[in-house]
Amino acid sequence: MTRLKWTREAVLADARRFASKRQWQLASGSAYTIAHRRGWLDEACAHMSPRWQPRWDKAAVLASAKKHSDRTAWKTAELGAYKAAQRNGWMLEACAHMEVKHRDWTLESLKASAASYPTRGAWKEADGAAYKAARDHGLLEEVCAHMVAAYKPAGWWTKSRVLASAREHPSIASWDAAETSAYQQAKKMGWMAEATAHMHEVPMPIGPATIHEFLIAHGIEYKAEHRFKDAPEVSRMPFDFYLPGHNLVIEYHGRQHRDGWSSDPASRDSIQHNDRVKREWALRKGLAYVAICAWIDRTLDQVRERVTTAIGGILSTPRVLTEAERRKIWSGRAFEEEEILADAAQYPTRAAWMRSSPNAYRFALRHGLSDAATRHMAYVTEHGKWTRETVIASAQPYSSLAEWREANPSAHVISKRLGCFEEATQHMTRAKQPNGYWTDEKILAEAARFDNTAAWNKGSPISYGIAKRRRLVPATMQRGKRPKGYWTKERISAAAALFKTRSAFRKAEPSAYAIAGAKGWLEEVCAHMLSQRRDVTSA
């Protein structure tokens with residue numbers, strides 16, 4: 001696969017497409033990051049407009065002030081010049097020509113002035129004269145009663161208020177982001193266990209959860225953790241968000257994508273390799289690709305801004321998510337407990353539930369919900385077939401546990417339930433040998449039993465794996481590789497017909513699976529198979 005390499009020339013050429021650093025960073029984050037890392041940023045951005053206006057000198061400030069007849073109009077029109085005059089003591093000179101307005105402030109006029117501002121700071125910034133009059137007349141508390149206090153007074157966070165604040169958030173991360181002072185007070189006073197008892201133990205990271213909420217609130221159809229199963233090169237690499245209506249994939253990169261897990265270089269290289277493979281594949285297929293990096297877009301508002309820019313167009317008015325929707329998003333689970341119980345209630349037995357709704361059934365087993373979900377179901381004892389005697393009898397023809405489990409999985413499971421597993425398998429050869437069993441001599445003797453490496457790997461995988469590690473596979477042994485052109489469409493269809501799931505097909509016949517994907521036959525040859533994955537799609 002050709003790897004896209006950001007050379008210095010490629011980075012500079014890419015930068016010339018944009019008018020500002022921010023535009024470049026949002027649209028082509030990888031090129032921007034490379035430029036920053038390798039010291040090319042100043043050169044690449046030399047043609048771009050500066051983000052801030054140049055410093056106001058005295059002549060520019062006085063010229064700006066002369067355009068306006070009063071201070072309020074000047075401040076509204078050119079705040080930078082106004083603040084430069086304040087900082088440098090030029091206000092009297094700059095405003096000498098301006099008309100001084102005296103206003104008799106009443107309680108009603110002060111309330112009218114303050115009504116459109118959410119905080120005292122915003123009101124003071126926009127209408128300083130009204131704020132000063134309210135303060136001087138002792139009316140601030142009454143006039144600002146509707147405003148949100150930017151800072152809580154000392155002693156505000158009592159235990160009851162901290163617990164009430166915590167109850168509004170599904171995870172510790174979201175609580176800390178929204179009410180840092182309440183979170184810190186809980187840690188300081190030892191109330192964390194009580195405050196976070198309702199929160200999810202392993203919640204979804206706050207960045208992806210924010211994207212989920214944004215997309216659902218705006219009614220945008222999407223699939224989370226979506227795999228493009230027809231593309232072998234990325235079929236095992238889920239994309240965080242796929243928006244089919246916008247032909248767009250969105251990836252959220254936490255800091256492990258930059259530093260690796262626990263700052264491990266090996267994991268960093270592996271993660272970044274997968275990121276490159278996914279990005280290059282998406283671009284080749286004509287998909288728009290956006291990577292939101294936690295170390296660049298550090299606030300939730302910046303994350304939402306990136307998603308908005310990626311989608312483009314006019315978004316619908318967002319709706320308020322239901323409590324169930326928020327709980328499901330922040331838990332990071334495909335199902336909530338109520339959904340599992342409701343799904344299980346449709347079936348009379350475990351077998352019927354497992355056949356009809358395998359995803360929900362397996363989820364219940366993994367998360368300890370199976371007992372509660374199946375309490376109403378009839379207990380079926382294999383229709384009376386498996387007694388202690390018949391279980392033991394079914395095991396006798398087999399020399400290994402694997403053979404018995406493959407031929408009679410129900411007898412194998414029920415033997416443990418009836419407590420006769422040891423008795424049924426005492427004559428069998430155990431697959432696991434003691435440590436040190438496989439000496440070089442035993443491995444070569446084992447190899448002599450097989451005609452080729454494929455047969456050896458299938459008949460004695462442990463000894464074959466050790467032989468490969470020790471480089472003991474005889475050079476004269478025939479490799480079990482099929483000749484070029486062996487996998488025709490008919491042979492692939494015949495091989496796929498032996499399996500119930502794509503996963504089993506891929507593990508048993510990886511070459512056939514890869515060729516079917518490359519040739520576009522995968523959907524046809526796998527049409528009879530069960531889907532083992534549940535794509536999470538917004539309502």
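I'd like to verify a number: residues in region 14-32 that are surrounded by fewer than 18 Cβ atoms within 10 Å (Cβ to Cβ), in a helix (DSSP H, G or I) and hydroxyl-bearing (Ser, Thr, Tyr), how many?
The number of residues fulfilling the criteria is 1.
Got a number for residues in region 390-443 being closer than 30 Å to residue 474 by Cα, in contact (Cβ under 8 Å) with a residue 12 or more places away in the chain and in a helix (DSSP H, G or I)?
Matching residues across region 390-443 total 5.
Output the residue which, of all residues in region 269-286 that are aliphatic (A, V, I, L, M) and surrounded by fewer than 18 Cβ atoms within 10 Å (Cβ to Cβ), is farthest from residue 259 (Cα to Cα). Break it down into steps so the answer makes sense when it comes.
Within region 269-286, the first condition is being aliphatic (A, V, I, L, M), and the residues that meet it are 271, 277, 282-283.
Filter once more, so that each one left must be surrounded by fewer than 18 Cβ atoms within 10 Å (Cβ to Cβ): 277, 283.
On the way: 277: 18, 283: 25 Å.
The selected residue is 283.
Determine which member of the set 360, 372, 344 is at pLDDT 80 or above and touching a His at 6+ places or on another chain (Cβ under 9 Å).
Every option except 344 fails the conditions.
Return only the number of the condition from (1) under 19 Å from residue 238 (Cα atoms); (2) at pLDDT 85 or above; (3) among the aliphatic types (A, V, I, L, M); (4) in contact with a helix residue (DSSP H, G or I) (Cβ under 7 Å, 6 or more places away or on another chain) that residue 283 does not satisfy.
Looking at each condition in turn, residue 283 falls short on (4).
Yes or no: region 116-129 includes at least one residue that is closer than 30 Å to residue 57 by Cα and in contact with a Ser or Thr (Cβ under 6 Å, 6 or more places away or on another chain).
yes
Can you report the number of residues in region 287-302 which are buried (at least 17 other Cβ atoms within 10 Å of the Cβ) and farther than 28 Å from residue 235 by Cβ?
3
Going through 228, 241 one at a time, which residue ends up being aromatic (Phe, Trp, Tyr) and assigned to a loop (DSSP other than H, G, I, E, B)? Give the steps one after another, and end with the answer.
Details: 241 fails: assigned to a loop (DSSP other than H, G, I, E, B).
After applying the criteria, what remains is 228.
Kindly check whether there is at least one residue in region 180-197 that is at negative phi, β-branched (Val, Ile, Thr) and without any contact (Cβ under 8 Å) to a residue 12 or more places away in the chain.
Yes, region 180-197 contains a residue that is at negative phi, β-branched (Val, Ile, Thr) and without any contact (Cβ under 8 Å) to a residue 12 or more places away in the chain.
Could you give every pair whose Cβ atoms fall below 6 Å, whose first residue belongs to region 55-79 and is within 16 Å of residue 125 (Cβ to Cβ), and whose second residue is aromatic (Phe, Trp, Tyr) and modelled with pLDDT under 90, counting only separations of at least 6 or pairs across chains?
Note: pairs meeting the criteria are 74/82; 75/82.
Considering region 229-256 alone, what residues qualify as being aromatic (Phe, Trp, Tyr) and touching a residue at least 24 places away in the same chain (Cβ under 8 Å)?
Passing the criteria: 239, 241, 252.
Run residue 240 past the list (1) out of contact with any strand residue (DSSP E or B) (no Cβ under 6 Å at 6 or more places or on another chain); (2) in the same structural domain as residue 300 (by TED's automatic domain parsing); (3) closer than 30 Å to residue 309 by Cα and report the number of the one that doesn't hold.
Looking at each condition in turn, residue 240 falls short on (1).
Would you point out which residue out of 466, 492 is closer than 24 Å to residue 520 by Cβ, touching a Phe, Trp or Tyr at 6+ places or on another chain (Cβ under 8 Å) and of a type in the set (Val, Ile, Thr)?
492
Return the total of residues in region 507-520 being crowded, with 19+ Cβ neighbours inside 10 Å and touching a residue at least 24 places away in the same chain (Cβ under 8 Å). Quick ask: steps written out before the conclusion?
Taking region 507-520 and keeping what is crowded, with 19+ Cβ neighbours inside 10 Å, we get 509, 512-513, 515-517.
Filter once more, so that each one left must be touching a residue at least 24 places away in the same chain (Cβ under 8 Å): 512-513, 515-517.
So the answer is 5.
Just need a number here: residues in region 110-153 that are surrounded by 13 or more Cβ atoms within 10 Å (Cβ to Cβ), among the polar types (S, T, N, Q) and closer than 28 Å to residue 179 by Cβ.
The total comes to 1.
Can you name the helices (runs of 4 or more DSSP H) wholly within region 257-366 that have at least 3 residues being of a type in the set (A, V, I, L, M, F, W, C) and in contact (Cβ under 8 Å) with a residue 12 or more places away in the chain?
Passing ranges, in order: 265-284, 300-311, 323-331, 337-344, 358-366.
Considering 182, 195, 186, 177, which residue is at pLDDT below 85 and of a type in the set (Gly, Ala, Ser)?
177
Which ones in region 412-449 are within 27 Å of residue 509 (Cβ to Cβ), modelled with pLDDT under 85 and not assigned by TED's automatic domain parsing to the domain that holds residue 390?
Scanning region 412-449 gives 431, 432.
The values are calculated or read from the model by the stated rules, or taken from the named source; none is laboratory data. Since the model is a prediction, treat every value here as computed from it, not as a measurement. A quick note on method: Cβ atoms are made from the backbone with ideal geometry, for glycine too, and the neighbour counts reach across all protein chains shown.
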